[in-house]
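To keep things clear, I will list the structure first and then write my remarks on it.
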Amino acid sequence: MARARAAGTSRPTILGRLWRDRVSYLFMAPFLLLFTAFTIVPVAAAIGLSFTHFNLLEAPRFAGWANFRELFVDDDVFLIALANTFKFALFTGPLGYVLAYLMAWLISQIPKRYRLLYTLAFYVPSLTSTVVTGLLVSYFFSGDRYGFINNLLLQMGLTEEPLNFLTDKKYMLNVLIVVQLWMSMCTGFLAFIGGFTTIPPDTYEAGLVDGIRHRFQELWYITLPQMKPQLLFAAVLQVVAALAVSDLSVALFGFPSAEYAGHTILTHMSDFAFTRFEMGYAAAVAVVLFAMMFGLNKFLGNVLSAEGE
Amino acid sequence: MARRRGSPGNRMGGRLRMPLLFAICASAVLMTAGAGQKTGPASDATAPAGYGAAIASAIEESYQRVRTGWERRGIRDAAEVLVELEGGDYAAASVPGLRVESSLAGRRGRILSWAAEEGWVEYDVSVPRAGLYQIELDYLALPGRGSSIQRALRIDGAYQYNELKRLEFPRIWREAGPPLKDSLGDEYNPRAVEVMRWQTAFLAHPDGLSAEPLRVHLTRGRHRLRFEAIREPMAIARLRVRSPRRPAPYAEVARAYAANGYADVRDAAVKVQAEEAYERSSPTIRREQDREPLTEPRAGKHIVLNVLGGETWRQGGSWASWRVKVPKSGLYRLDLRYQQSYLPDFAAGRSLFIDGELPFAESAFVEFPYSPHGWQVLSVGGEKPYKFYLTAGTHTITLQVCNARVGPVIDRVRGVAVDMAFLVQRVLQITGPATDDPEDPYREWELTKEFPDLKPSLMRIIRELDDCIAFLYRLVRRGQHPQSAAQLAQVRDQLADIARDPDSLPRRLTQYRDSQAKLGAWVLNLMQQGLALDYLALVPPDAPRPRGAAGVFHRIWQAVRDLFGSFTRDYTQIGTFRSQGRLRQEKRLKVWVAYPRDHARILKELADEDFTPRTGIRLDVNVVPSANVFSALILSYNAGRAPDVCVGLWSPYPVEFAMRNAGVDLTRFRGYNEVKARFKPGSLVPLTYGGGVWALPESQDFWMLFYRQDILDQLGLKAPNTWEEVFALIPRLKMRGMDFYYPYPTSWNENREFAPFLYQCGGSFYTEDGLRSGLNTPQALRAFKMWTQLYTDYNTPIQADFFSRFRTGEMPIGIDDYYMYSRLTAAAPELAGWWRMAPLPGMAKPDGKGGVATDADGRPLIDRSMGGYAFTCMMFRTTKDKEAAWEFMKWWTSTDVQIRFGIQLESVVGVEARWNSANIEALKGLPWAKRDIDAILEQWNWFKERPVVVGGYITQRYVYNAWNRAVYSVLYSSGKGTYIPPREALEDAVRHIDRELLRKRREFFPALGTRQPGGGE
């Protein structure tokens, strides 16, 4: 109706259009307000702070590009954190993504009655807090002979004395990767499960008519293309999870971890924020991390949407 | 498994088994050192010559085993004998500290007053016939330091069994008044006061492992009983040696009821709330709060202390008693509402006394079954409840912790731990101590050639463990798997694994020893049987049994109400304890206390009593969890809601505020110099920055050396005075399967582990001006090498539970916080008298002429410097009334207040909460034993705090990294290429530290090169 009336009048000004569609703002308001308060403002504040020296107790001092210059040129530990995060993301990101997809696909093959049970079993790890997981996992990787893994290794005769998984530099990052894989498998998993159920069965029937011979062809030619939005969503989640790992590292190795072997970008940030009280610098780290995530997500969006066409 | 029944030691000949027979005693590895030389009564074999013969001191068996031996030899209770002596009629005594009084605390006669904590007294007793006797004492606890009294008893020069070395005589405590209530309506435990009253007590098992009093064996004729002081003073009025008392079994008592015509009561009942206990054996048995809906009185919005005990009521022999006013004479049933969710699978045991007597034999051991779900009601006697005959009037019901059910298995597992220690000692005698040489991981041993019965010995241990597991299974319901059995099974499986290839034992020593430690911890755990009580009710025997726990909906409703209640009140706040009336000029001070609630409450109470009336300043006290007080402060400071004063702040924090211009320099206040004199100068160092002092220390913690006198004596070793002596001691400990303990470093605790080495070598963390790291000096490198050597060359375990291993004797010596002192005093009564606290090992101080400096007496001067940390109080720049805040800080750190605080704290929470006041005079005023306070003061002289500099956090981090690299590259190296020499590790750390210090200084002082104000020593 509104549209009909609008068509009748001459071209409205921007203000006029804003006023005309005023009811729609009401509908947008809840999201807009929350998004502004909890996302836009903090991000803007972080960007602003990253150009200052701010120690939490005194007023911020403008610093120009000093923080960023130091971060990229002078900070060795940031390089360690960056390397760790990338190595970590490289494994947990794609691998976790593929694993989640395969799991979801396998589970969707199960009769509906049992599906819920399996779904729940796989989803639970992501519901538990990292601290709890950390505690649980530290049993597995405990450095004495009662650690499950050590016990297994000892029993199989692969080692004579228990290995120090949580304080020995050699193992720490790998342990982190394994645990995160287990935990993150479920981030995208639920989206995938949902995606499978949205595909109408007649597409499969049509595929059958067109000569699909086995389940993998079905997966490749029908299921995957049909699930683009879920794929993108899960990819975003996965990237964020992979780049933003920190709680788990702290829960497993303490902070700071031995020789920074479990140091990630995020622990680096909290190091500067809460032990050194350099909020400006920490904000700079956060901005870099934000930029990385943003870029990666854009990239993934392009890749995934290009492939489907 | 097949030989389950027949395996206990008696029929096992075996070279290994036999010394073991008499080597079982309280602390498991006490006897790793000595293969017993003395032949115990139960053993008729002798130790093989040359084996363990070096150690002459005898080790006694456990009571359990000795009794079994007596039984086998047909030694029975002596009938109808009672020999009575006055306390003052001793035959001989060590003179100082002993006096005979003619009257004491309302009692006349020849009373022995034994005020010293040392010495001995001997009595001559002659008995007309041979047999087993019990010994009873009338004693009075003399004012001391609040712990229970301990004595040892030798009969004719020997301890008949180990338990006689640590007989316990509890004190009596009563609440000083009704529970305190603050202005908000929350309840707090009142102070406990000691009751000076004569008690009559049998010598009982110190861990409560036996439901009956201890028996001793006396032959016909004269015997000499010698009591030796272990701790705390006491007076003895009478000593009775008598035939064992045999209370009648219930069946007999019930028949007597019928014969006397006692009838069940009909409509009379009486209920006592357990938290109203009349007396108890320790102030730690106290009121607790419980929010279960059926718990009486019900907890509403406020904190109501409505139950007694819980996890704090678990030490063998400790008791609580209630006074019950019985309305009518007759037969009653006794109902108890309790919670036992502390010790899984098993029932907690208590002995029940009425008016100090066992009503019948069964009441010596009443079981409170385990339930993970919470509260239950027990009618004493179970399905067919016992009836108790009570006359009208006031009676006393006493419940005493008794662990008789698990006693036998505890004894046997201790035996296994001894076996294991023993075995390892023999293995080490063959292989030498360094079996896990990282340079040679593939060395093979042909142990079985030299030690042919190694495998059979292992098999025997495994069978013994199997027996213990089977025993535990018999204690629980069919089909249940007791958790504690699983732990034993783990050890058993590991041993079985080793037994398959005994030659691999040298390579697996670490795990083997872990298992051994596990057994020790297992025993300690099983002995502690907590129990919370809600009420005791005497009801007609046929009354319906009340419900134990509320229904699900009731509980949910309670939870919902609690949730909503939490919106309307601030649980962190402590109310006021006395109305102040109108003060002339009202001043208020907002104080955060980062200590537990009891601490905050006592502080508030003292302030209400003393500080507010004198100064007119009222305190608003809030409790803040100590773990996040710092971030809470920062955030609230930002929001403009910071407190005026914060109490209990960790010492590095105040300077963090000061650097950022948020603190207040205390030196500018009036009276600062007098306040300063209360503390050791070293303790203000970390609170000093930029020429100002930003906080005052309250309590301090630093390290002391703890050692087991008994074990070192047996090994013929002395407590080390210097690090050289420590390094010489470690291999000798290792030979016997024991270890030295040194705390494990972390990246966030101020390098306390490195500090002693560094300071003693003459190094320091920073250069004089505080601008650069001081760790690139030869002194620092030497210190660092010593520190890493402790692990790389001397194989000190990197992580260990020192407290438990100290108790089991596997780590008879080590360094720890002096909080360990409180823990050992409060939670390890079995060790009383057998351990010592000494100053840290040090290094001889050079005199600058190539020789060694000497003290006034010409002894070499040992530098024992170490770091420590403190808890402090500080005010903030935003504090409005700074003079008032200063008044408060002055008051709080004053000697008088600190002593009162410490003493009150101890009377509410127990010895475990010993207040380590930073105020020198106050610390001396607390009830320390002289020897201990001397050791502390000696160590305190060497207290050296590390200065705080801008960016100081980086030092701990990189020093830890350097340690980690240097140590792990040796311990866990896979080949030679990965070795990192200490020098390289440390130099690398210094580079990083210097960089960060420079970077950080640039932040604070943009004009680079400016000297940082202060910070240096």
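In deg cm²/dmol and to the nearest 500, what is the mean residue ellipticity at 222 nm of chain A if only DSSP H runs of at least 4 residues count, each as -39500 (n - 2.57), divided by the residue total?
The helix contribution divided over chain A gives -22000 deg cm²/dmol.
Of B:THR746, B:PRO756, B:THR796, which is farthest towards the positive pole of the stretch B:745-817's charge dipole, taken about the Cα centre with +1 and -1 on the beta-carbons of Lys, Arg and Asp, Glu respectively?
So the residue we want is B:THR796.
Please identify, among A:GLU278, A:GLU58, A:GLU259, the residue showing maximal mean-square fluctuation in a Gaussian network model of chain A using a 10 angstrom Cα cutoff.
It is A:GLU58.
Work out the mean other chain Cβ neighbour count within 10 Å for the residues of A:54-62 and drop it here as an integer.
The per-residue average across the peptide is 4.
Take each of the peptides B:221-231, A:232-242, average the number of other beta-carbon atoms within 10 Å over its residues, and list them starting from the highest.
A:232-242, B:221-231
If R₀ is 56 angstrom, what is the calculated FRET efficiency for the pair B:LYS325 and A:LEU116, using the beta carbon separation as r and rounding to 0.05?
Once rounded, the FRET efficiency stands at 0.40.
Neighbouring Cβ atoms within 10 Å as the yardstick, rank B:ARG412, B:ARG660 fewest first.
The most exposed by this proxy come first: B:ARG660, B:ARG412.
Quick one: what do you get for the stretch B:631-731 if you divide its Cα Rg by 2.2 N^0.38 Å?
Against the compact-globule rule of thumb, the ratio is 1.65.
Just rank B:TRP835, B:TRP940, fewest to most, by other beta-carbon atoms within 10 angstrom.
B:TRP940, B:TRP835
Give me the distance in nm between label points sitting 7 Å out from Cα along the Cα-to-Cβ direction at B:ARG561 and B:TYR672, one decimal.
5.4
Hey, any idea what Rg/Rh is for the stretch B:722-826, computing Rh the Kirkwood way over Cα pairs?
1.02
What area, in nm² and to one decimal, does the C-alpha convex hull of the stretch B:309-385 cast on average over all directions?
For the stretch B:309-385, averaging the hull's shadow over all directions gives 5.9 nm².
Could you calculate the contour length gain from B:THR572 to B:HIS481, that is, 0.36 nm times the residue separation minus the distance between their Cα atoms, to one decimal place in nm?
28.6 nm
If I model a spin label as a point 7 Å beyond the Cα along the Cα-Cβ vector, how far apart are those points for B:SER126 and B:TYR744 in nm?
So the label points at B:SER126 and B:TYR744 sit 6.2 nm apart.
Can you give the extra length, in nm with one decimal, that the chain gains between B:ALA259 and B:ARG474 once fully stretched, where that is 0.36 nm per residue apart less the Cα-Cα distance?
Full extension from B:ALA259 to B:ARG474 adds 73.6 nm.
For chain A, which DSSP H helices look membrane-span-like by this rule: Cα extent along the axis of 18 Å or more and mean Kyte-Doolittle of at least 0.0?
A:22-35, A:76-109, A:112-127, A:169-198, A:228-243, A:279-308
Working out 0.36 nm times the residue gap between B:LEU937 and B:GLU71, then minus their Cα-Cα distance, what length gain in nm do you get to one decimal?
That pair, B:LEU937 and B:GLU71, stretches by 306.6 nm at full extension.
Can you give me the three principal axis dimensions of the protein assembly as shown from its C-alpha atoms, in Å, biggest first?
125, 89, 86
I'd like the Karplus ³J(HN,Hα) series for the stretch B:556-561: coefficients 6.51, -1.76, 1.60, θ = phi - 60°, whole numbers in Hz, and an x wherever there's a Gly or Pro.
Per residue, the Karplus-derived 3J(HN,Hα) values read 5, 4, 4, 5, 5, 5 Hz.
Give the residue list of trypsin sites (Lys or Arg not before Pro) in the stretch B:509-614 that are DSSP loop and have at most 10 other beta-carbon atoms within 10 angstrom.
Those that pass, being in a loop and sparsely packed, are B:ARG582, B:ARG584.
For chain A, compute Rg over Rh where Rg is the Cα radius of gyration and Rh is the Kirkwood radius from the inverse mean 1/r over Cα pairs.
Taking Rh as the inverse mean 1/r over Cα pairs, Rg/Rh reads 1.07.
May I ask you to derive the FRET efficiency for B:ARG224 and A:ALA291 from their Cβ-Cβ distance with R0 = 60 Å, giving the value to the nearest 0.05?
Approximately 0.10, to the nearest 0.05.
Summing -39500 (n - 2.57) over the DSSP H runs of n ≥ 4 in chain B and dividing by its residue number, what mean residue ellipticity at 222 nm do you reach, to the nearest 500 deg cm²/dmol?
That calculation yields -9500 deg cm²/dmol at 222 nm.
Please list B:606-613, B:884-891 highest first by mean number of surrounding beta-carbon atoms within 10 Å per residue.
B:884-891, B:606-613
Checking the a/c ratio against 1.5 first, then a/b against b/c, what shape does the Cα gyration tensor give for the stretch B:772-865?
oblate
Mind checking the mean number of beta-carbon atoms from other chains within 10 Å of the Cβ atoms in B:996-1005?
2
At R0 = 22 Å, how high is the FRET efficiency between B:ALA105 and B:GLU311 if r is their beta carbon distance? Nearest 0.05 is fine.
Computed FRET efficiency for B:ALA105 and B:GLU311 comes out at 0.05.
Send over the per residue convex hull volume for the stretch B:296-340, Cα only, as a whole number of Å³.
Normalising the Cα hull of the stretch B:296-340 by residue number yields 142 Å³.
With each pseudo-label sitting 7 Å past Cα toward Cβ, what's the B:MET196-B:ASP503 distance in nm, one decimal?
Calculated label separation equals 7.2 nm.
Where the Cα atoms of the stretch B:48-186 are projected onto their three principal axes, how long is each span, largest first, in whole Å?
Each principal axis gives a Cα extent; for the stretch B:48-186 these are 72, 41, 35 Å.
What does the structure give for A:256-262 when I average, per residue, the other chain Cβ atoms found within 10 Å of the residue Cβ?
Taking all residues of A:256-262 together, the mean is 5.
FYI, it's all coordinate maths here, none of it is from the lab. Being a predicted model, the structure only gives us computed values, none of them experimental. Here Cβ is always computed from backbone atoms with ideal geometry, including for glycine, and neighbour counts include all displayed protein chains.
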